[in-house]
1. Among Ala32, Ala82, Ala76, which is the only one that is surrounded by fewer than 10 Cβ atoms within 10 Å (Cβ to Cβ), among the aliphatic types (A, V, I, L, M) and modelled with pLDDT of 70 or more?
2. Would you say Glu51 is surrounded by 10 or more Cβ atoms within 10 Å (Cβ to Cβ), modelled with pLDDT under 90 and not β-branched (Val, Ile, Thr)?
Amino acid sequence: MNDLGNLRKNVNEKIFEALWNGILPMNRTPPARRTQIINCPVEGNSIRSTERMTGTHRDPICRLLVEVGTGCQPRADERPDARPFLPPYSG
């Protein structure tokens, strides 16, 4: 293998090692897009409509919503007036 081939091999191994160890971020949705994705279901849109509006596949949308929900759970649990279930309105 020539010098250029060896250099490419070494660089690719270093990049792969950095990605594998979490040093370099892999594919991350930009913060502006993440905000847009979070706002859509809050406004009452479905995951599929969020997918169409933002151009993001539904798998990352669901992962982001789980991540946000997990982050909000401790805050919701510490509220004394939080009710986990409200009975349906019968009026």
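The values are calculated or read from the model by the stated rules, or taken from the named source; none is laboratory data. Everything quoted here is computed from the prediction, not taken from an experiment. Note: ideal-geometry Cβ built from the backbone for every residue, glycine included; neighbour counts use all protein chains shown.
1. None of the other options fit; the residue is Ala32.
2. Considered against the rule, which asks whether it is surrounded by 10 or more Cβ atoms within 10 Å (Cβ to Cβ), modelled with pLDDT under 90 and not β-branched (Val, Ile, Thr), Glu51 comes out as no.
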